[in-house]
Amino acid sequence: MRLLVTGGAGFIGSTFVRRRLDATDDSVIVLDKLTYAGDLANLAEVAERPDAATRYRFVEGDIADAPLVAELVREVDAVVSFAAESHVDRSILEPTAFLVTGVMGVHALLEAVRVAQGGRRKSAVRLLQVSTDEVYGPVAAGLAPETHPVRPTSPYSAAKASGDLLVQAYRETYGLDTVITRGANTYGPAQHPEKLVPLFITNALQDLPLPMYGDGTQVRDWLYVDDHADAVSVVLDRGSPGTIYNVPGDGSEQSNRAVTEAILAALGKPWSLVREVPDRPGHDRRYALDGSRLRDLGWMPTVAFEDGIDRTVRWYVEHESRWRSTQGAGWADYYERQYAWRLERSVPS
Ligand code: NAD
Ligand code: TYD
C-alpha cells in the first residue's frame, strides 16, 4: 500500500511509520506541520533507511491546508491520521489550535478522500482516524466499550470527539471507507516531555519537583507506544469499514501515584520530590477500555506496564540532549504558565 501518515513526526505517528516500514512493503508519505510537538529527529532512523528513497517522503504542511491535502491523497491508497494537538493542559490554556486541527483539519482530510474516491472505480481510499479514549469522558466503573456515549470534558477531547463525529458522518453520507481507533494513555521513548510520564522522568532526573494534580488517585490504563502503533496497523489492515476500535493498555490500571512511584524507583530518586498542586480543571478521574473488539481482530498488548516504564526511563536517561532539544524555545514559557502558580501553592505529598 501507499500510505499518507499525518502527524508522523510526533510520538506515536513516528513509531507507527518506523514499524510499518519494517513490517510491510508499504511506502509512506508523512505530512506533518512540525508544531512544538513534531520533531524530525523522531524520523531520522526512517530517513536513513537504505530504501528510504523509494519508500519514504516527508512533506512539511498542515492537514487543514485543503489543496495540499487533496494533492497528497490522490497519490495514496490509505490515510492514517495521527495529526492533532495532543495535550489536555495546553488545550485548557489555548484551545483554538485544537479545534482548527481537530475539526477543520480532519474535515480537509475527509473532503480530499471523498474527492479522490469519486475518481476511483476499484479500491476505496481507507481513512483511519487515530482517536482517544478521552472522548468517553471519565469512566466511573467497569470498562467502556465502543458504544459508550461520547462525553468529552476538555477542549482536547471535545476536538477529538468532533473529528470522530465528522468521520462517522462522512461514512454514513458518502460511504467512505473509514475506521477509528481510540487508544489509551500512551507512553514510551521520545514522547514530548509535557505529558505525565516523560515530565516526571525528566524533572526527577534534574531533581525538580514533580507536580501531581490533586491527590494523585486518578487512574489511567497505560499503553506502550509500540503496542499502540501495532494496533493501528492491525485496524488499518483488518478493521471493518465504519467501525471504531478501542486500544486498551495492559489492563493494570495505575493511579498517578503508582506511576510516580514506579518512575522514582527506576531512577532511585526520593518521594520527597513529589508536590501536590492545584488540580487540572475538569480532570477525568478514570479511563478504562473494553478491548474485546480489537482482540477479535487478533491484537493484544504485549508490553506490561513495569517493563514499559523501565524501557522508557532508560531511554530518557540515555538521551538527555534529545529530550532537552525537544523542549524547544517555548518550553520555559509553557512551564511558567502551567506550573509556576501551582508550585507556589503546592504541599508535600
Ligand atoms: P504528538 O503531539 O506527539 O504528535 C502530534 C503530531 O502532529 C506532531 O508531529 C505535530 O507536529 C503534528 N501536527 C499537529 N497539528 C498538525 C496539523 N494541523 N497538520 C499536520 N501535522 C500536525 O501526539 P501523539 O501523542 O503522537 O498523538 C498522536 C495521535 O494519537 C493524536 O491524534 C492523539 O490524539 C492520539 N492519541 C494520543 C494518546 C497519547 O497518550 N499520547 C493516546 C490516545 C490517542
Ligand atoms: P497526561 O499525561 O497529561 O495525559 P491525560 O491527561 O491525557 O490522561 O496526564 C496523565 C495523568 O497525570 C492525568 O491524570 C493528569 C496527571 N498529571 C499530573 O498529575 N501532573 C502533571 O504535571 C501532568 C502533565 C499530568
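A short reminder: the numbers here are calculations on the coordinates, not readings from a lab. From a predicted model like this one, the values you see are computed outputs, not experimental measurements. When we count neighbours, we look across all protein chains shown, and the Cβ atoms used for this are built from the backbone with ideal geometry, even at glycine.
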Which FRET efficiency, nearest 0.05, do D77 and R345 yield, Cβ-Cβ r, R0 41 Å?
0.20
Which is the longest part of the chain that has none of the trypsin sites (Lys or Arg not before Pro) sitting in a DSSP loop with at most 16 other Cβ atoms within 10 Å?
123-284
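Answer rounded, prolate or oblate for the stretch 181-239, using the Cα gyration tensor with square roots of eigenvalues a ≥ b ≥ c: rounded when a/c is under 1.5, else prolate when a/b is larger than b/c, else oblate.
oblate
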Using Cα pairs closer than 8 Å and at least 6 residues apart in sequence, work out the relative contact order for the chain, in percent.
18
For the chain, what does the helix formula give at 222 nm: sum of -39500 (n - 2.57) over DSSP H segments with n ≥ 4, over the residue count, nearest 500 deg cm²/dmol?
-11500 deg cm²/dmol
Cα-based shape type of the chain, given that a ≥ b ≥ c are square roots of the gyration tensor eigenvalues and the cut on a/c is 1.5:
prolate
So what J values fall out for the stretch 235-251 if you push phi through Karplus, 6.51 cos²θ - 1.76 cosθ + 1.60 with θ = phi - 60°, rounded to Hz, Gly and Pro as x?
5, 4, 7, 10, x, 7, x, x, 9, 9, 10, 6, 10, x, x, 7, x
Provide the FRET efficiency to the nearest 0.05 for the L267-A140 pair, computing r from the beta carbons and using R0 = 56 Å.
0.95
Tell me which residues come under 5 Å, amide H to amide H, from V28 once H is placed; ignore anything under 5 positions away on its chain.
L3, Y56, R57
Sum up the lysine pairs in the stretch 2-336 that clear both bars: alpha-carbon distance under 27 Å and a spacing of 8 or more or different chains.
4
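How high is the FRET efficiency from S123 to V150, r the C-beta distance, R0 22 Å, rounded to 0.05? List each step's numbers first, then the result.
Working: r = 30 Å, r/R0 = 1.38.
E(calc), rounded to 0.05, equals 0.15.
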Taking the Cβ of R337 as the center, what net charge do the other residues with Cβ under 11 Å away carry, scoring Lys and Arg +1 and Asp and Glu -1?
-2
Long-range HN-HN contacts of R275 with modeled amide H, under 5 Å:
L210, M212
Spin-label model distance (nm) - A23 vs L205, 7 Å beyond Cα toward Cβ:
2.8
Per residue of the stretch 334-346, in order, report the coupling 6.51 cos²θ - 1.76 cosθ + 1.60 (Karplus, θ = phi - 60°) as ³J(HN,Hα) in whole Hz, putting x for Gly and Pro.
4, 4, 4, 5, 7, 10, 4, 5, 5, 5, 4, 9, 7
Measure out, as a whole number of angstrom, how far apart the alpha-carbon centroids of the stretch 56-130 and the stretch 171-228 sit.
21
